[in-house]
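The block underneath contains the structure these notes are about, expressed in structure tokens.
Bear in mind that the values in this text are calculations on the coordinates, not laboratory data. Remember, predicted model here, so these are calculated numbers, not experimental data. No Cβ is skipped: glycine too gets one built from the backbone with ideal geometry, and neighbour counts run over all protein chains shown.
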Amino acid sequence: MSRERLKELCLELPLFPVTSVGSFPKPDYLTQARADLQKGKITAAELRALEEKATAFWIEKQEELGVDVLVDGEQYRGDMVAYFAEVLPGFQEGGLVRSYGNRYYRKPIIVGAVKWEKPITVDWWRFAQERTDRPVKGMLTGPYTLMDWSFNEHYPDRKATCLAMAQVVRKEVEALIEAGCKIVQIDEPAISTRVEELPFALEAMQQVTTGLPAYFVTHICYGAFEHVYPKVLELAVNNIDLDMSATAGRRLPLMQKDPFTKDISYGVVDSHSHLIEDVETVKTRLAQALTVLPKEKVWLDPDCGLKTRTVEEALGKLRVIVEAAKAARAQ
Amino acid sequence: MKLLLTNAGSYPRIGETPELQLLRRTQAALDRKEATPEALQAAEGALVKAALKEQAEAGLDLVTDGQVRWGDPISHFAGKLAGIEISALLRYFDTNFYFRQPVAKGEIKAANGRALLAEYEFAKSNSAKPVKPVLTGPLTLARHTLVEHEPYKQLEALVRAYAQALAPELEALAHAGAEVIQLDEPAILRQQTDFPILQRALQMLVKHKGKAKLALCVYFGDPQPLYERLQQLPVDILGLDFTYNPKFAERVISLGSQKPLALGLVDGRNTRLEDPAAVAHTLDRILLRVKGDTCYLNPSCGLEYLPRDRALAKLKLLAQIRAQTKGHK
């Protein structure tokens with residue numbers, strides 16, 4: 001079914017399309033430049049030029065490696081929620097909160113009605129797409145995650161907050177499609193947070209994607225996926241992107257019992273480990289996946305965004321995925 | 001009724017100033033092999049001292065070390081035990097925080113009371129106020145562990161193994177002078193059928209608490225369905241999260257409490273500040289129904305889920321609430 005959607009959109013992809021979840025590591029010069037901007041040592045235009053340089057680098061590298069569906073690498077974003085909150089009226093920047101280990105993010109605070117006024121990601125998507133003939137995914141954060149990863153001082157409850165976010169995200173999806181984007185990823189890593197809230201999370205995604213001409217992906221990771229499966233298959237998207245490298249043992253039996261009805265972007269390398277998996281490991285993981293999942297439904301990618309890896313680690317992890325995909329296609 | 005103000009566990013290990021970002025910088029440098037483990041320890045110590053100071057200045061009577069040295073509530077202790085390996089990231093309850101999952105690969109062997117004692121002694125020697133050690137309980141540890149060691153596939157066996165590993169820690173902390181030791185068991189609110197297993201684990205653990213009071217804290221869920229059974233547990237203080245069910249306070253007022261309570265009436269998960277007068281009114285009504293001479297007012301959970309300025313504001317709010325109660329000091 002989803003292959004038909006791709007065909008309708010004139011997208012021809014090989015078996016086991018290789019993609020990424022979204023973020024890539026920022027080169028040192030960009031990390032330094034972001035700090036310099038904070039201190040007033042450089043201008044926003046100077047930072048933008050460096051972000052463009054880094055984005056172009058990642059587009060070039062993905063092409064070189066043979067990735068099939070590209071991402072812009074989010075060199076201009078800090079965090080997946082704060083990035084949107086910084087420009088959407090109704091949000092206020094929050095202080096630093098730890099997400100795990102030594103990683104922190106600025107958790108935004110909703111202090112008023114959140115409104116979409118103008119495109120947020122379209123310029124960067126266009127910048128990336130102009131540099132490659134391969135499709136570049138538009139990358140957004142989903143309504144449930146925007147709600148769950150923000151503090152709320154305005155809306156009466158979590159459902160009202162989530163549905164308000166859906167209106168905002170839909171407008172951004174429409175803007176991406178108008179610009180020519182055909183594959184839109186709407187990340188919902190938070191979706192398994194509270195199982196009892198899944199119905200309104202599904203309702204929100206429905207409001208975001210219904211009737212729009214694109215191939216939709218959602219990324220879900222590091223949560224109690226088992227608790228929302230198979231109900232989560234009702235998400236109004238074509239492809240669900242999952243961290244599978246450490247979880248296949250318990251998730252594949254679930255998919256055996258209740259068939260996975262959508263395409264799957266199947267995470268085959270650990271995004272949070274310095275170790276670069278060898279190709280044999282990735283091949284083994286793919287072979288395990290294919291004992292349960294039909295091959296025409298399987299895409300391959302890392303478990304999550306690679307921004308916490310070094311540039312070399314990120315390239316190494318993508319390389320082994322591409323090599324494993326090529327080997328599998330050759331069989 | 002004496003009402004003591006306390007922190008429920010963690011406290012932000014970062015803030016907006018360079019001094020408060022020392023730990024993040026040092027950890028990152030250590031990851032790049034540009035700093036030593038000793039430098040990391042010193043950075044942790046500096047942030048523990050900052051947490052202790054802010055809690056004391058906010059007016060708390062009983063403070064914690066902010067669990068600043070804890071990578072997360074699960075792997076920090078579990079990772080010190082033989083038989084356990086630490087693995088991938090998983091979401092911690094319904095928070096935006098991720099922990100590293102322990103994998104039970106073999107028989108769990110205790111760290112003989114040496115896993116947490118140094119943290120307590122450091123905090124105690126740097127605190128103007130009494131320090132409350134906070135430990136994650138055996139059920140919550142077990143429920144977050146992936147089991148590969150066959151004998152632990154029975155949940156109770158794994159809970160018992162963790163409890164046996166925690167027992168010498170409790171003993172050591174009590175011996176070192178901790179007057180109140182907090183044991184966190186949020187998992188019981190998710191899996192209420194685990195109650196008999198938790199009860200048996202606690203029956204074993206309380207034998208090791210010495211003269212310390214053992215506070216069992218449950219949060220990240222509505223305690224109402226279990227409230228009457230929680231009262232039967234062999235602990236000295238019961239810590240409750242009031243933020244998931246707006247009607248729970250009325251239930252406690254209706255049923256009363258046979259045990260002193262640690263009252264999580266201030267939301268440790270959202271920045272919105274509660275109205276101190278409204279909370280004080282509820283608190284007064286609850287305290288009338290509690291047996292004992294001391295209760296505790298604290299946030300609903302550790303404060304690491306908030307930015308530092310908001311965490312501090314929540315602590316100051318505790319003092320404002322107490323000031324508006326009817327004479328509870």
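Which of these, A:L37, A:L286, A:L70, has the largest mean-square fluctuation under a Gaussian network model of chain A (Cα springs below 10 Å)?
With Cα springs under 10 Å in chain A, the top fluctuation among A:L37, A:L286, A:L70 is at A:L37.
At 4 °C and 1.567 mPa s, grab the translational diffusion coefficient of the stretch A:80-235 from Stokes-Einstein with a Kirkwood Rh over Cα pairs, rounded to a whole number in µm² per second.
Details: Rh = 16.0 Å.
Value of D from the Cα-based Kirkwood radius: 81 µm²/s.
Could you work out the mean projected area of the convex hull around the alpha carbons of chain A, in square nanometres to one decimal?
Numbers: hull surface 63.2 nm².
Over every viewing direction, the Cα hull of chain A projects on average to 15.8 nm².
Please report the projected area of the protein assembly as shown's Cα convex hull averaged over all directions, in nm². Display every interim value, and only then the final one.
Details: hull surface 111.0 nm².
Directional mean of the projected Cα hull area for the protein assembly as shown stands at 27.7 nm².
State, as an integer percentage, the relative contact order of chain A based on alpha-carbon contacts under 8 Å between residues 6 or more apart.
Working: 610 pairs, mean separation 65.3, N = 331.
Reported as a whole number, the value is 20 percent.
Which value at 222 nm does chain A reach when only helices count, each DSSP H run of 4 or more adding -39,500 (n - 2.57), with the total divided by all residues and rounded to the nearest 500 deg cm²/dmol? Intermediate values should be presented prior to the final figure.
Numbers: 12 runs with 138 residues, N = 331.
Calculated from helices alone, the mean residue ellipticity at 222 nm is -13000 deg cm²/dmol.
Binned at 5 Å from 0, what are the whole-percent values of the Cα-Cα distance distribution for the stretch B:130-191, short to long?
Cα pair-distance distribution for the stretch B:130-191, in percent: 4, 17, 25, 21, 15, 10, 5, 2, 0.
By how many nm would the segment from B:S254 to B:Q203 grow when fully extended, if each residue of separation counts as 0.36 nm and the alpha-carbon distance is taken off?
Values: separation 51, 0.36 × 51 = 18.36 nm, distance 2.78 nm.
15.6 nm is the gain from fully extending B:S254 to B:Q203.
Given springs between every Cα pair under 10 Å in a Gaussian network model of chain A, which of A:Y76, A:Y100, A:Y229 has the largest fluctuation?
A:Y100
So what are the stretch A:78-154's ellipsoid semi-axes, whole angstrom, largest first, if each one is the square root of 5 times an eigenvalue of the alpha-carbon gyration tensor? Before the final figure, lay out the partial values.
Details: eigenvalues 131, 55, 18 Å².
For the stretch A:78-154, the semi-axes come out at 26, 17, 10 Å.
Could you line up A:V311, A:V282 from fewest to most neighbouring Cβ atoms inside 10 Å?
Working: A:V311 17, A:V282 23.
So the ranking, lowest neighbour count to highest, is A:V311, A:V282.
Percent of Cα-Cα pairs more than 16 Å apart in the stretch B:247-329, please. Intermediate values should be presented prior to the final figure.
Numbers: 1683 of 3403 pairs.
For the stretch B:247-329, the share of Cα pairs beyond 16 Å comes to 49 percent.
In whole angstrom, note down how far apart the Cα centers of the stretch B:252-290 and the stretch B:113-137 are.
One Cα centre to the other: 27 Å.
Fewest to most neighbouring Cβ within 10 Å: what's the order for A:M80, A:M205, A:M255?
Working: A:M80 23, A:M205 26, A:M255 20.
Arranged by neighbour count, lowest to highest, A:M80, A:M205, A:M255 become A:M255, A:M80, A:M205.
Can you tell which of A:G180, A:G267, A:G305 shows the greatest fluctuation in a Gaussian network model of chain A with Cα springs below 10 Å?
Residue with maximal mean-square fluctuation among A:G180, A:G267, A:G305: A:G180.
Show that you can apply the helix-only estimate: for chain B, add -39,500 (n - 2.57) for every DSSP H stretch of four or more residues, divide by all residues, and state [θ] at 222 nm to the nearest 500. Don't jump to the answer; show the numbers that get you there.
Numbers: 12 runs with 128 residues, N = 329.
Using -39500 (n - 2.57) per qualifying helix, the result is -11500 deg cm²/dmol.
Which of rounded, prolate or oblate describes chain B when judged by the alpha-carbon gyration tensor and an a/c cut-off of 1.5? Can you show the working numbers first?
Working: a/c = 1.64, a/b = 1.14, b/c = 1.44.
Verdict is oblate for chain B.
Filter the GluC sites (Glu not before Pro) in the stretch A:152-194 to those in DSSP coil with at most 14 other Cβ atoms within 10 Å of their Cβ, and list the result. Could the numbers behind the result be given before it?
On the way: sites: A:E153, A:E172, A:E174, A:E178; in loops: A:E153.
Here the GluC sites (Glu not before Pro) that fit, given the DSSP loop and packing criteria, are A:E153.
Normalising by the residue count of the stretch B:91-151, find the relative contact order in percent from Cα pairs under 8 Å and 6+ residues apart.
Details: 31 pairs, mean separation 31.8, N = 61.
Relative contact order comes out at 52 percent.
Give the separation of the Cα centroids, the stretch A:170-202 to the stretch B:140-212, in Å.
After rounding, the separation between the Cα centres reads 40 Å.
Beyond 26 Å, what share of the Cα-Cα pairs of the stretch B:1-136 remains, rounded to the nearest whole percent? Numbers along the way, then the final one.
On the way: 2659 of 9180 pairs.
That fraction is 29 percent.
Jot down the radius of gyration and Dmax of the stretch A:222-285, Cα atoms only, both in angstrom.
Every Cα atom of the stretch A:222-285 included, Rg and Dmax give 12.6, 35 Å.
May I ask you to derive the relative contact order of the stretch B:180-219, considering only C-alpha pairs under 8 Å and at least 6 residues apart, and to give it as an integer percent? If you can, show how the numbers build up before the last one.
Details: 34 pairs, mean separation 29.5, N = 40.
Contact order relative to length: 74 percent.
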